[in-house]
Amino acid sequence: MNWTVEEVRQAEQVGALEEAVNAHDKIDVKIGHVAVGQNDYAVYDDDTLVGYMVLFPYLPNEYEVNTLVHPDYRKQGVFKALFETAKQDAKQNGCEAFTFVIDRKSKDGKAVIDHLGAAYQFSEFNLVLKKAELFLKPDEVSLREATDADRPLIIETLSEAFGDPVDVTENIYQQIDTPDRVTYIGEVDGRPVGVIRALLSGEDAGSIHAFGVKADEQGKGYGTKMLKQMVQQLFRMGRTKLELDVETENKAALEIYKRAGFAENGGYEFYLLEL
């Protein structure tokens, strides 16, 4: 069947499609609905959204891709229509590769990846908060909300923490510098030691990300204390459903998260496809 690729008509339709996919596949895919209308593509059957793809240009020449196809419309060319249209647009903008994000429990998702011939890159655990240590006093490490003047500090800190070039970190940060996120600076005796951010969603949820400690301040226990303070801060904001992602090979970070009360809750696999 020939499908027409168009813009999403209503953001709520993406949420409904996401729920249908998660229920059928028994997975827990989350796509940022606030980004609807930016670098995304949709396929409709009459008024029903049956396919959705969103591109995240975290590098000028490499885009991250998330896709949803309704269970009743799989193997009918919906994904192909989305992929071919998105690929054409991306290549015109200088993109050379797609990084697909697949829930590790998604059999259909992996089948598509195998068909495309994309190469496995790495995996991440998704962690959710199980037990929070509330009413902590700022013991040695405190958090303050970041200002525009902190941007160079944020970029430098995240570049050091993740081992990426400054220009790459700047490009990624620019893509995720949106109003629905909060950023804090971790300090010890007024000295900045780290950065931690969270994406706010719904009425009571938050996803912690872009969390890093400066290279010369690592190994001092500041990361765990920053994370615990961040959890408390988000609880004050009414955000009690908290999660984060961490690479499966990053054992040190995984231990920090577990000490702060987080536990594994599924995960994702990343595959690279050159265009």
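The values are calculated or read from the model by the stated rules, or taken from the named source; none is laboratory data. These numbers were taken from a predicted model, which means no experiment stands behind them. For neighbour counting, all protein chains shown are included, and Cβ atoms are generated from backbone atoms with ideal geometry for every residue, glycine included. Remember, those area values only see protein heavy atoms, side chains included, never the ligands or the DNA or RNA. Shrake-Rupley method; radii C 1.70, N 1.55, O 1.52, S 1.80 Å.
Does region 91-109 hold any residues that are part of a helix (DSSP H, G or I), closer than 23 Å to residue 39 by Cα and open to solvent by 60 Å² or more (accessible area, probe 1.4 Å), and which are they?
First, pick out the residues of region 91-109 that are part of a helix (DSSP H, G or I): 91-92, 107-109.
Among the residues that remain, those that are also closer than 23 Å to residue 39 by Cα are: 91-92, 109.
91, 92, listed by residue number.
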Fill in the blank from the handout: With criteria (1) more than 15 Å from the chain's Cα centre (by Cα); (2) without any contact (Cβ under 8 Å) to a residue 40 or more places away in the chain; (3) open to solvent by 40 Å² or more (accessible area, probe 1.4 Å); (4) farther than 15 Å from residue 145 by Cα, residue 174 comes up short on (1)
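Table: residues versus (1) touching a Leu at 6+ places or on another chain (Cβ under 7 Å); (2) in a loop (DSSP other than H, G, I, E, B); (3) within 23 Å of residue 207 (Cβ to Cβ).
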| residue | (1), (2), (3) |
| --- | --- |
| 113 | no, no, no |
| 120 | no, no, no |
| 140 | no, yes, no |
| 150 | no, no, yes |
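Residues that are of a type in the set (S, T, N, Q) and either within 21 Å of the chain's Cα centre (by Cα) or open to solvent by less than 60 Å² (accessible area, probe 1.4 Å) (or both): does region 70-88 have at least one? It would help to see each step written out before you state the result.
Of all residues in region 70-88, those of a type in the set (S, T, N, Q) come to 76, 85, 88.
Next, only the ones that are either within 21 Å of the chain's Cα centre (by Cα) or open to solvent by less than 60 Å² (accessible area, probe 1.4 Å) (or both) stay: 85.
Checking region 70-88: at least one residue is of a type in the set (S, T, N, Q) and either within 21 Å of the chain's Cα centre (by Cα) or open to solvent by less than 60 Å² (accessible area, probe 1.4 Å) (or both).
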Handout entry: Conditions (1) touching a residue at least 60 places away in the same chain (Cβ under 8 Å); (2) of a type outside the set (Lys, Arg); (3) crowded, with 17+ Cβ neighbours inside 10 Å: number failed by residue 234
Key = (1)
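Please work out if residue 273 is touching a helix residue (DSSP H, G or I) at 6+ places or on another chain (Cβ under 6 Å), modelled with pLDDT of 90 or more and not acidic (Asp, Glu).
Values: touching a helix residue (DSSP H, G or I) at 6+ places or on another chain (Cβ under 6 Å): yes; modelled with pLDDT of 90 or more: yes; not acidic (Asp, Glu): yes.
It is true that residue 273 is touching a helix residue (DSSP H, G or I) at 6+ places or on another chain (Cβ under 6 Å), modelled with pLDDT of 90 or more and not acidic (Asp, Glu).
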Problem - Residue among 51, 37 that alone is closer than 30 Å to residue 128 by Cα, touching a residue at least 24 places away in the same chain (Cβ under 8 Å) and open to solvent by 30 Å² or more (accessible area, probe 1.4 Å) - result: 37
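Which one of these is outside any strand (DSSP E or B), touching a Leu at 6+ places or on another chain (Cβ under 8 Å) and of a type in the set (Lys, Arg): 75, 30, 87?
Details: 75 fails: touching a Leu at 6+ places or on another chain (Cβ under 8 Å); 30 fails: touching a Leu at 6+ places or on another chain (Cβ under 8 Å).
Just one listed residue meets the conditions, 87.
Take residue 188 and decide whether it is aliphatic (A, V, I, L, M), closer than 30 Å to residue 262 by Cβ and in contact with a helix residue (DSSP H, G or I) (Cβ under 9 Å, 6 or more places away or on another chain).
On the way: aliphatic (A, V, I, L, M): yes; closer than 30 Å to residue 262 by Cβ: yes; in contact with a helix residue (DSSP H, G or I) (Cβ under 9 Å, 6 or more places away or on another chain): yes.
Yes: the conditions hold for residue 188.
Quick check on this structure: which one of 257, 271 is open to solvent by 20 Å² or more (accessible area, probe 1.4 Å), of a type outside the set (Val, Ile, Thr), in a helix (DSSP H, G or I) and closer than 26 Å to residue 123 by Cβ? Show your work before the answer.
On the way: 271 fails: in a helix (DSSP H, G or I).
Step by step, each of 257, 271 is checked, and only 257 is open to solvent by 20 Å² or more (accessible area, probe 1.4 Å), of a type outside the set (Val, Ile, Thr), in a helix (DSSP H, G or I) and closer than 26 Å to residue 123 by Cβ.
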Handout entry: Qualifying positions in region 1-27 - in contact with a Ser or Thr (Cβ under 6 Å, 6 or more places away or on another chain) and not in a loop (DSSP other than H, G, I, E, B)
Key = 5, 25
Handout entry: Some residue of region 224-247 being in contact with a His (Cβ under 6 Å, 6 or more places away or on another chain) and not hydroxyl-bearing (Ser, Thr, Tyr)
Key = no
Practice task
Determine which member of the set 189, 180, 204 is modelled with pLDDT under 95 and more than 19 Å from residue 233 (Cβ to Cβ).
Solution key: 189
Exercise for the section: Hey, can you tell me all the residues within region 117-139 that are farther than 25 Å from residue 64 by Cα and either modelled with pLDDT of 85 or more or touching a Gly at 6+ places or on another chain (Cβ under 6 Å) (or both)? Expected result: 129, 130, 131, 132
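What residue, among those in region 239-253 that are touching a Leu at 6+ places or on another chain (Cβ under 9 Å) and farther than 16 Å from residue 196 by Cβ, is most open to solvent (accessible area, probe 1.4 Å)?
The selected residue is 241.
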Problem - Counted residues, region 190-221 - those being among the charged types (D, E, K, R) and open to solvent by less than 20 Å² (accessible area, probe 1.4 Å) - result: 2
